[in-house]
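Peer 1: Okay, here's the structure, questions in a sec.
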Amino acid sequence: MRSHDSPYLADWFAVSLRWLSIVGAVISLSLWGDLAAWPNIILLVFLSWNLALTLLTGLNIRLPYHRYVCLGLDLLTVGLYFFLSGGFASPLWWLGTLPIMIAALYFEWRGMLVTVFLVSLIQMIVTAIQSTHPYALFFPAGAAVLLLLGGLIFSFVGTRLYRILRHDYQARIEAQMQKRRIEHDRIRAIYRLTSTLASTLNYQRVLDSVLDLSLTAVNTDPDVTADERLISVVMLFSKSGTLEIASARRLTPADKRAVLPGQKGAIGQALEKDQPVLLKEVKKDTELGHLVTFRTCEEVYCFPLRSGFDAYGILLFGHPQAGYFTADRCETLDILGRQAVFAIQNARLYQELLDERDRMIEVQEEARKKLARDLHDGPTQSVSAIAMRINLVQRMITRDPRGAREELNRIEDLARRTTKEIRHMLFTLRPLVLESQGLTAALKSMAEKIKETYSQDVQVQVDESLLENVEMGKQSVIFYLAEEAVNNARKHAKAPHIWVRLLPSGKDIIRLEVQDDGRGFDVEAVTRAYDQRGSLGLVNLHERTELVNGVLNIQSAPGKGTLIQVYIPLSEEAADQLHHSAKK
């Protein structure tokens, strides 16, 4: 079998003719009172066969040699029924017209003539077998003439009707293809804009591309030249807070020097609500009315160039035709506007990425230095001490065996402490329990190892329901934040107790707290002179907080302990709300 992505119209006509013939046969048999005759079983088989063909046609599937198979079975069914039902004595002698009509449909007049000949031949043979009347063959001869005449009429009318319907179907296909071409051109324009955006960090070039490609993107007929009446403008906020022309098409020189406050009218509404605005009374607008070019426009579409709480400017499109900005065109312009926002953000983010790269290099270098210092101050010194004591034990074995045994015990204790320190370092480098059992288990394991290695009391409190919406990467950063804060408290605060808490703090925001009851410090003084210190504990906290787009808060005073709070958003909306509140 073979399938197609569009319907076979000829098959639908053939199936419909069979159903009409079956309905006509049932009506004729009912009127003659011959509905229960046993030859009608052939009609039931024929009905089942047409039902199967209807299903295949609905699925756009054809059998091998589909037309020949269907026409052959139609001839076989009609001939067999004609023979079993008594020939011209049967009320359904007219069924011979069915294969003739289908032949005309499938093979036009040539197939119709061949089928008329075959049907007439069958009728003559059956009549000759079943009737002994000397003039019996006049019936199939007359029927042959009628069948030929009817076949010619149907061939002419049916072929014309079929061609008309096929032409209409092709027209619909062409319309759909035209629509697809338009969508393809729009997608291609957006792709070109996206490619330009990806290939350059000069947002001025991308803004020019937005205005140039807008003509292609909103064109509803790719075979027609783009509408040159479309006016397009990009206005960006200057340092003084006013809107100035950054790029424009078909704007007068005087209007290109215009400066707008961007606070009233359609522009102010779009920027305030962060939603596009379609303005239909341009002359009455308090700001756009000052631009002479836009006074000739019946409609102006305003798209805000805004991301979160940062407003960059406005994208304006005007046209003198009322109703020009349809839903499809507005949707396309929205896509172009978002690309313009990305271009502006890219220019600003690029430098931030360079700065972040430098910071990451410094962090990695500091991590290596920290590991080297910890190894030098801890396990390296301990291993050196073990080696020296073993050398001492070798000398004491013969002179003072009892003292040598005591020294060996001390060496064993030192080796065990050294092993614990190394294991703790390995745990902080890559806590496998975090990957296998989650953040809560990792924090508790950290507390246990610190207690075992340094005799430092660390209490952990975690709201388990918070971790359901926190991905593993963010859990790792939270763990290292807690580990860094706890180690800072252990080394510098001399605190009897350290508390680690992970609690909710509003919708989609969690709060990590590390608190100690140690000696505390002057946050402002330490931060001001931090570049002169040898450690980077607070720097690490700030940088790891930025990795989760969070906000860090440190509260401390001499003699009053320290409270470190890290607010971590779980969604974009929560991040915007959190940073907006932090700025206030």
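Peer 1: Just to verify a result, which residue in the stretch 324-344, among those that are within 15 Å of Leu215 (Cβ to Cβ) and outside any helix (DSSP H, G or I), is farthest from the chain's Cα centre (by Cα)?
Peer 2: The extreme case among them is Tyr324.
Peer 1: Name the pairs: first residue in the stretch 452-480 and touching a residue at least 40 places away in the same chain (Cβ under 8 Å), second residue assigned to a loop (DSSP other than H, G, I, E, B) and surrounded by 11 or more Cβ atoms within 10 Å (Cβ to Cβ), Cβ to Cβ under 6 Å, at least 6 apart or on different chains?
Peer 2: Within 6 Å, the pairs are Asn469/Leu570; Lys474/Val548; Val477/Val548.
Peer 1: Oh, and also: So Leu251 ticks every box in (1) free of Cβ contacts under 8 Å to residues at least 24 places away in the same chain; (2) more than 19 Å from Ala343 (Cα to Cα); (3) crowded, with 17+ Cβ neighbours inside 10 Å but one. Which box is left unticked?
Peer 2: Tallying (1) free of Cβ contacts under 8 Å to residues at least 24 places away in the same chain; (2) more than 19 Å from Ala343 (Cα to Cα); (3) crowded, with 17+ Cβ neighbours inside 10 Å, Leu251 fails exactly one: (1).
Peer 1: Pairs please, first residue from the stretch 396-414 and free of Cβ contacts under 8 Å to residues at least 24 places away in the same chain, second anywhere and among the small types (Gly, Ala, Ser) and surrounded by 13 or more Cβ atoms within 10 Å (Cβ to Cβ), Cβ atoms under 8 Å, 6+ apart in sequence or on different chains.
Peer 2: Taking only residues 6 or more apart or on different chains, the pairs are Met396/Gly403; Met396/Ala404; Ile397/Ala404.
Peer 1: Sticking with this structure for a sec: Determine whether Ala258 is aliphatic (A, V, I, L, M) and under 34 Å from the mean Cα position of the chain (by Cα). Spell out how you get there, then give the answer.
Peer 2: Values: aliphatic (A, V, I, L, M): yes; under 34 Å from the mean Cα position of the chain (by Cα): no.
Spelling it out, it is not the case that Ala258 is aliphatic (A, V, I, L, M) and under 34 Å from the mean Cα position of the chain (by Cα).
Peer 1: Would you check if Glu524 is under 33 Å from the mean Cα position of the chain (by Cα), surrounded by fewer than 16 Cβ atoms within 10 Å (Cβ to Cβ) and modelled with pLDDT of 80 or more?
Peer 2: Numbers: under 33 Å from the mean Cα position of the chain (by Cα): no; surrounded by fewer than 16 Cβ atoms within 10 Å (Cβ to Cβ): yes; modelled with pLDDT of 80 or more: yes.
In short, no.
Peer 1: Turning to a different aspect of this structure: Cys330 - would you say it is out of contact with any Asp or Glu (no Cβ under 7 Å at 6 or more places or on another chain), touching a residue at least 40 places away in the same chain (Cβ under 8 Å), surrounded by fewer than 22 Cβ atoms within 10 Å (Cβ to Cβ) and not aromatic (Phe, Trp, Tyr)?
Peer 2: On the way: out of contact with any Asp or Glu (no Cβ under 7 Å at 6 or more places or on another chain): yes; touching a residue at least 40 places away in the same chain (Cβ under 8 Å): yes; surrounded by fewer than 22 Cβ atoms within 10 Å (Cβ to Cβ): yes; not aromatic (Phe, Trp, Tyr): yes.
When the stated conditions are applied, Cys330 passes them.
Peer 1: Name the residue that is modelled with the highest pLDDT, counting only residues in the stretch 109-136 that are surrounded by fewer than 17 Cβ atoms within 10 Å (Cβ to Cβ) and in contact with a Ser or Thr (Cβ under 6 Å, 6 or more places away or on another chain).
Peer 2: Here the residue is Trp109.
Peer 1: Also, I was wondering about something else. So, in the stretch 449-469, how many residues would count as being in a helix (DSSP H, G or I) and either more than 21 Å from Asn488 (Cα to Cα) or touching a strand residue (DSSP E or B) at 6+ places or on another chain (Cβ under 8 Å) (or both)?
Peer 2: Taking the stretch 449-469 and keeping what is in a helix (DSSP H, G or I), we get 449-454, 464-469.
When the remaining residues are screened for being either more than 21 Å from Asn488 (Cα to Cα) or touching a strand residue (DSSP E or B) at 6+ places or on another chain (Cβ under 8 Å) (or both), the result is 450-451, 464-469.
Looking only at that region, the number is 8.
Peer 1: I'm told Asp274 meets every condition in (1) surrounded by fewer than 14 Cβ atoms within 10 Å (Cβ to Cβ); (2) farther than 29 Å from Ser581 by Cα except one. Can you identify the failing condition by its number?
Peer 2: Only one criterion in (1) surrounded by fewer than 14 Cβ atoms within 10 Å (Cβ to Cβ); (2) farther than 29 Å from Ser581 by Cα is unmet by Asp274, namely (2).
Peer 1: Any chance the stretch 160-170 includes a residue that's exposed (fewer than 11 other Cβ atoms within 10 Å of the Cβ), under 30 Å from Arg295 (Cα atoms) and at pLDDT 65 or above?
Peer 2: Checked against the condition, which is being exposed (fewer than 11 other Cβ atoms within 10 Å of the Cβ), under 30 Å from Arg295 (Cα atoms) and at pLDDT 65 or above, the stretch 160-170 yields no hits at all.
Peer 1: If I ask for residues that are more than 17 Å from Phe479 (Cα to Cα) and either modelled with pLDDT under 90 or among the basic types (Lys, Arg) (or both), which ones from the stretch 562-576 would you list?
Peer 2: Ser571, Glu572, Glu573, Ala574, Ala575, Asp576, listed by residue number.
Peer 1: A further question on this structure: Restricting the search to the stretch 97-108, which residues are buried (at least 19 other Cβ atoms within 10 Å of the Cβ) and either more than 14 Å from Leu149 (Cβ to Cβ) or at pLDDT below 75 (or both)? Step through it out loud before you land on a result.
Peer 2: Residues of the stretch 97-108 that are buried (at least 19 other Cβ atoms within 10 Å of the Cβ), as a first pass: 97-106.
Those that are buried (at least 19 other Cβ atoms within 10 Å of the Cβ) and either more than 14 Å from Leu149 (Cβ to Cβ) or at pLDDT below 75 (or both): Leu98, Pro99, Ile102, Ala103, Leu105, Tyr106.
Peer 1: Next question, about the same structure. Just for the stretch 1-27: of the residues that are at pLDDT below 80 and of a type in the set (S, T, N, Q), which one is nearest to Glu108 (Cα to Cα)?
Peer 2: In this case the residue turns out to be Ser6.
Peer 1: Name the pairs: first residue in the stretch 9-27 and touching a residue at least 40 places away in the same chain (Cβ under 8 Å) and farther than 23 Å from Arg172 by Cβ, second residue in a helix (DSSP H, G or I) and charged (D, E, K, R), Cβ to Cβ under 9 Å, at least 6 apart or on different chains?
Peer 2: From the stretch 9-27, the pairs are Arg18/Asp74.
Peer 1: Does Thr293 satisfy the criteria of being among the β-branched types (Val, Ile, Thr) and free of Cβ contacts under 8 Å to residues at least 24 places away in the same chain? Step through it out loud before you land on a result.
Peer 2: On the way: among the β-branched types (Val, Ile, Thr): yes; free of Cβ contacts under 8 Å to residues at least 24 places away in the same chain: no.
So Thr293 fails the test.
Peer 1: Let me ask something else. For the condition outside the structural domain of Gly308 (by TED's automatic domain parsing), modelled with pLDDT under 70 and either assigned to a helix (DSSP H, G or I) or exposed (fewer than 13 other Cβ atoms within 10 Å of the Cβ) (or both), what is the one hit in Gln364, Gln381? Steps first, answer last, please.
Peer 2: Values: Gln381 fails: modelled with pLDDT under 70.
Exactly one of Gln364, Gln381 is outside the structural domain of Gly308 (by TED's automatic domain parsing), modelled with pLDDT under 70 and either assigned to a helix (DSSP H, G or I) or exposed (fewer than 13 other Cβ atoms within 10 Å of the Cβ) (or both), namely Gln364.
Peer 1: Further, regarding this structure: Scan the stretch 176-211 for residues that are at pLDDT 75 or above and crowded, with 16+ Cβ neighbours inside 10 Å and jot them down.
Peer 2: Leu207, Asp208, Ser209, Val210, Leu211
Peer 1: Now, a different point. Please verify whether the stretch 466-489 includes one or more residues that are small (Gly, Ala, Ser), closer than 30 Å to Pro558 by Cβ and more than 37 Å from the chain's Cα centre (by Cα). Please lay out each step first, then the result.
Peer 2: Looking only at the stretch 466-489, we keep the residues that are small (Gly, Ala, Ser), and these are 473, 476, 482, 485, 489.
When the remaining residues are screened for being closer than 30 Å to Pro558 by Cβ, the result is 482, 485, 489.
Filter again for more than 37 Å from the chain's Cα centre (by Cα), leaving 485, 489.
Taking every residue of the stretch 466-489 in turn, at least one turns out to be small (Gly, Ala, Ser), closer than 30 Å to Pro558 by Cβ and more than 37 Å from the chain's Cα centre (by Cα).
The values are calculated or read from the model by the stated rules, or taken from the named source; none is laboratory data. Quick caveat: nothing in here was measured; it's all calculated off a predicted structure. Positions of Cβ are generated from backbone atoms using ideal geometry, with glycine treated the same way; all protein chains shown enter the neighbour counts.
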